[in-house]
Every structure is written in C-alpha cells, then in structure tokens.
Amino acid sequence: MKSAEIREKFLRFFESKGHTIVASSPLVPANDPTLLFTNSGMVQFKDVFLGKEQRPYRRATSAQRSVRAGGKHNDLENVGYTARHHTFFEMLGNFSFGDYFKREAIAYAWELLTRVYALPPEKLWVTVYQEDDEAYRIWADEIGVPPERIVRIGDNKGARYASDNFWQMADTGPCGPCSEIFYDHGPAVAGGPPGSPDEDGDRYIEIWNLVFMQFDRDEAGVLTPLPHPCVDTGMGMERLAAVLQHVHSNYEIDLFQDLIRAAARETGCADLASPSLRVIADHIRACAFLVVDGVIPGNEGRGYVLRRIIRRALRHGYKLGQKKPFFHRLVADLDATMGDAYPELRAVRARVADVLAHEEERFGETLEHGMAILEADLASGIRTLDGETAFKLYDTFGFPLDLTADVCRERGVSVDDAGFEAAMQRQREQARAAGKFKAGGTLAYEGVRTEFIGYDALSGDARVAALYVGG
Ligand code: ATP
Ligand code: MG
Ligand code: MG
Ligand code: MG
C-alpha cells in the first residue's frame with residue numbers, strides 16, 4: 001500500500017465514524033509563540049481542548065505535517081541513527097472533543113489496524129499507563145489482546161526516549177494517561193519490547209499514541225476529573241507505511257525511496273543505503289515545508305533551526321563529494337512525491353527552491369574552508385574538539401554547533417560545549433564593549449539584517465520580509 005493510499009484510508013475510516021476531515025495546519029503555530037513548530041496533530045486543536053474555542057464538530061481527523069527539530073521535541077539528532085525518526089513527518093490523528101472516550105478510541109484504532117490495514121494482531125503490543133485499569137481492561141477484555149502483550153508503563157522520567165505514558169499539555173491544565181500501540185518487526189532486528197531495559201532498539205516500534213485527556217492539573221499538582229474528557233491520537237504515517245510495505249526502516253518506504261534516489265542522483269552517491277542520503281531525504285522535507293509555511297533561514301528562533309537543518313543537509317552532500325549547490329533541486333522531486341497531498345507546496349515550489357539555493361550559495365563558500373579546519377583537527381586524533389575551534393567554525397564559517405557535533409559524532413569525538421559557550425560569551429561582551437550591538441542587545445548584527453533586506457528584494461516577497469524583520 002502506497003503512502004498516499006495509507007493517508008487516504010485513515011481519513012476515510014474516521015470520516016465513516018462521524019469525524020470531520022480537517023486540513024493540516026501550517027508548521028508555524030497560529031497562536032502559540034511558546035511553541036517553535038507544530039509537532040503533532042493536536043496543536044491546531046489546543047484551544048478546542050481547553051474549551052476556549054468552539055468548532056462545528058466534536059469529532060475530527062487530520063493528516064498533520066509536523067516538525068520535531070529544535071525546542072522541546074527534538075529528533076534532529078536521531079535522524080540517520082534510528083529507523084523511525086524524522087525531523088518532518090506526517091501525523092495521522094483522530095480527535096474527540098468531549099464526545100467519545102477510551103472505549104471507542106481503542107476500538108477504532110484496533111479496527112483500523114487489524115481490519116482496514118489488515119495487520120496481524122499477534123504482531124501488535126500495547127502499553128497503558130500503570131494506573132489506568134480502565135484502558136487495561138478494555139484492551140484485555142473487550143479487544144482480547146493477551147495479557148503478555150499489554151505492558152503497564154509508569155512516568156519513566158529521565159530515560160532517553162523511554163515510553164512515558166502520562167501526557168500533559170503544560171505543567172497545569174489538561175492531562176491524562178496514554179496508551180500506545182507498537183509493532184513487532186521480528187527477531188531479525190535488535191531491541192526489546194516496550195518497557196523493557198532494551199526497548200531502545202528498533203524491533204518494537206511505536207506506531208500510534210492514544211491520549212486520554214481526563215484530568216485538569218492545578219498549580220498544587222492536584223488532578224480533578226474533566227467534565228468532558230477528550231481524545232487525541234497520533235500515528236506516524238511513515239512508521240505505518242514501513243509496516244504495511246513490509247520494510248523495517250521508514251527510509252525504505254516508497255515516498256522516501258523516491259527522495260533517496262533523487263538525492264543519489266544529485267550527489268552522485270551510488271550507495272542507496274548511505275545514511276547521508278537518508279539525512280538529505282529527511283531534511284529536504286523539513287526545509288521545504290518550513291519555507292512553504294513562511295520560515296526563512298536566519299540567525300534566530302525558527303529561522304535558525306531551519307538554517308541548521310539546511311546546513312546539516314549540505315554537509316552530508318559535501319561528505320558524499322558534492323561541493324556544488326544541489327539541495328534546492330530536490331524540491332521538484334519532493335513536489336512529485338508529496339505535491340498531490342500538499343497543494344500548498346506545489347503552489348510555491350519555485351520560491352522554495354530559490355530560498356534554499358540562496359542559502360546553499362551562502363554556505364557553500366565557507367563550508368569547504370571550515371571542513372578543512374575541522375578535518376585537520378580530527379585527523380590529529382583528538383577525543384574532544386575544543387570550544388575555541390567550535391566557536392571559530394560557528395563565527396567565521398557559519399557552522400552551527402550541532403553541525404560540528406554531527407561531524408564529530410561520526411568520528412567518535414565529543415565537543416566541549418561549555419568551552420563553546422564561554423567563547424561565545426566572551427565575544428558578546430567584546431562586541432557590546434565596542435558598541436557594535438543594536439539597541440535591545442539581541443544577537444542580531446546590523447550586517448545580517450542588511451543582508452536579509454537585500455535578500456528580500458531578491459525574492460520580492462513582502463510577507464517574507466515582514467516575517468524576517470519580526471524575527
Ligand atoms: P518515539 O518514542 O518513537 O520517539 P514519541 O513517543 O516521541 O515516539 P509521540 O509524541 O507519541 O511520539 O507521537 C505520536 C506518533 O508520532 C508516534 O507514535 C510515532 O508514530 C510518530 N512519531 C513521533 N515522532 C516521530 C518522528 N520524529 N518521526 C516520525 N514519526 C514520529
Ligand atoms: Mg520521541
Ligand atoms: Mg514514545
Ligand atoms: Mg509516544
């Protein structure tokens with residue numbers, strides 16, 4: 001089953017269960033300055049859950065474009081290292097605004113997975129929050145999942161990515177237990193079942209999270225039951241596609257294979273399993289859609305996250321031997337694979353390619369010099385890259401710290417983050433003393449701003465200018 005069909009079947013299934021199909025919202029959240037990017041399907045419904053906004057429906061379903069890079073949810077460091085993480089992915093979700101609750105949410109999920117997508121039930125594992133006897137009982141008694149495949153999970157705070165089956169929007173407000181569905185990719189892949197010490201592997205992959213918003217938490221931490229509990233679910237479309245296409249890694253699904261082939265064509269890399277090609281295929285999706293949604297590479301906030309992702313992609317191209325601009329050409333390939341589902345991409349495709357091409361030209365000049373310096377250091381057998389060098393790469397050659405760390409990590413070398421911060425701080429103080437900073441004391445140099453105003457003139461897009469100047 002192709003990705004497009006998987007997405008369509010999900011939405012139609014929930015439509016048949018009385019849900020209204022709601023379009024994906026943009027990656028820049030409309031009314032939430034605290035959130036860097038839309039990172040799940042519930043973001044556009046936040047005020048509906050909080051009761052601050054009314055909609056003409058109480059059941060909704062969506063395929064939501066999501067980004068988890070920078071901010072609280074950051075999967076950037078996982079890309080290229082796990083089979084299941086992307087910076088950009090599509091989250092398929094169904095939502096109940098005070099309408100149905102656990103029983104229906106669980107029954108719908110099971111029916112969709114085992115009947116519509118015809119997954120073998122014995123490959124599915126479920127987790128419930130340790131105290132959530134209600135969800136446990138529904139899975140065990142009503143659905144008939146054998147107890148050996150139902151795992152009770154606690155808060156698990158502190159573990160790297162370990163299942164945390166209690167969800168909360170913020171420190172106070174709506175919260176509740178969740179129940180997650182995992183797919184067992186079989187013994188050929190390393191990793192233990194959810195909740196076990198080696199769950200970090202990629203054998204049992206979490207595909208769907210069902211969140212049951214049940215309580216309101218107050219400042220003192222006291223939980224009061226909500227009068228109208230809600231449901232918020234999210235399933236990674238690419239993870240489901242991997243299961244349905246009988247491949248283990250998300251990067252082997254149809255949609256990614258098209259992009260990986262395109263990246264291979266543009267970089268001249270013959271090894272289609274190269275992690276660098278995977279990173280580039282991942283990053284073109286995030287970068288293109290961020291530009292579609294109005295983000296422009298810059299030195300602060302969202303713009304800086306975008307810049308970091310672009311530069312990481314370019315560095316991987318460089319690693320494969322491509323020293324000329326190539327990344328922007330993948331926008332056409334992305335449009336071919338995703339433009340039908342996302343007309344907003346097709347509509348501004350040329351501008352997106354321009355924005356990326358500009359950033360490529362900019363960084364192309366310094367990437368090679370910076371890499372030469374970094375390579376020389378790495379060749380000398382260091383275990384830790386000193387903060388001064390990392391800062392020089394950042395300041396003079398435009399290497400974001402995470403890019404430098406990415407190169408070092410490939411060679412088993414760490415970076416002295418504290419040394420980097422110290423060098424940065426020293427430079428800030430020097431610049432302040434020399435009066436070079438703008439009033440307001442942000443990191444934005446006058447020069448950067450001028451450069452971007454010139455750039456806007458180049459693209460001729462007033463909206464972009466407004467966004468940039470606003471930070
Ligand atoms: P994981 O534990 O694998 O990092 P998660 O628990 O952080 O996933 P949720 O926040 O529960 O993920 O999001 C709901 C669903 O979205 C997940 O079950 C998964 O299918 C998908 N998903 C989450 N993060 C990613 C990602 N970085 N790339 C692709 N799909 C993702
Ligand atoms: Mg995660
Ligand atoms: Mg998880
Ligand atoms: Mg989860």
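What are the residues in the range 232-285 that are within 16 Å of ligand 2 (Cβ to nearest atom) and under 23 Å from Leu320 (Cα atoms), if any? Those that are within 16 Å of ligand 2 (Cβ to nearest atom) and under 23 Å from Leu320 (Cα atoms): Asn250, Asp282.
Rundown of residues vs (1) more than 16 Å from ligand 2 (Cβ to nearest atom); (2) of a type in the set (Asp, Glu); (3) on the phi < 0 side of the Ramachandran plot; (4) free of Cβ contacts under 8 Å to residues at least 40 places away in the same chain, yes/no style:
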residue	(1), (2), (3), (4)
Ala63	yes, no, yes, no
Glu77	no, yes, yes, no
Thr82	no, no, yes, no
Gly93	no, no, yes, no
Phe101	yes, no, yes, no
Leu112	yes, no, yes, no
Glu131	yes, yes, yes, no
Glu134	yes, yes, yes, yes
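Residues checked against (1) hydrophobic (A, V, I, L, M, F, W, C); (2) modelled with pLDDT of 95 or more; (3) touching a strand residue (DSSP E or B) at 6+ places or on another chain (Cβ under 6 Å); (4) under 26 Å from Pro174 (Cα atoms):
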position	(1), (2), (3), (4)
Met1	yes, no, no, no
Arg7	no, yes, yes, no
Lys17	no, yes, no, yes
Gly80	no, no, no, no
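When each of Thr224, Thr233 is tested for being closer than 24 Å to Leu50 by Cβ, without any contact (Cβ under 8 Å) to a residue 40 or more places away in the chain and not in a helix (DSSP H, G or I), the lone residue that passes is Thr224. In the list Gly195, Gly186, which residue meets the criterion of being within 16 Å of ligand 2 (Cβ to nearest atom), over 20 Å from Lys72 (Cβ atoms) and either of a type in the set (S, T, N, Q) or over 20 Å from the mean Cα position of the chain (by Cα) (or both)? Exactly one of Gly195, Gly186 is within 16 Å of ligand 2 (Cβ to nearest atom), over 20 Å from Lys72 (Cβ atoms) and either of a type in the set (S, T, N, Q) or over 20 Å from the mean Cα position of the chain (by Cα) (or both), namely Gly195.
Among the residues of the range 198-212, the one identified as modelled with pLDDT of 95 or more and more than 12 Å from ligand 1 (Cβ to nearest atom) is Phe212. Quick one: which residue in Thr233, Thr267 is surrounded by 17 or more Cβ atoms within 10 Å (Cβ to Cβ), over 30 Å from Phe45 (Cβ atoms), among the β-branched types (Val, Ile, Thr) and in contact with a Gly (Cβ under 9 Å, 6 or more places away or on another chain)? Every option except Thr267 fails the conditions.
Per the listing Glu111, Glu148, the residue uniquely part of a helix (DSSP H, G or I) and under 15 Å from Pro194 (Cα atoms) is Glu148.
Close Cβ contacts (under 8 Å, 6 or more residues apart or on different chains) running from residues in the range 194-207 that are of a type in the set (Ser, Thr, Tyr) to residues that are away from ligand 4 (no atom under 12 Å from the Cβ) comprise Tyr204/Trp125; Tyr204/Tyr183; Tyr204/Asp184; Tyr204/His185; Tyr204/Gly191; Tyr204/Gly192; Tyr204/Pro193.
The values are calculated or read from the model by the stated rules, or taken from the named source; none is laboratory data. Nothing here was measured: the structure is a model prediction, and the numbers come from that model. Every residue, glycine among them, receives a Cβ derived from its backbone with ideal geometry; neighbour counts consider all protein chains shown.
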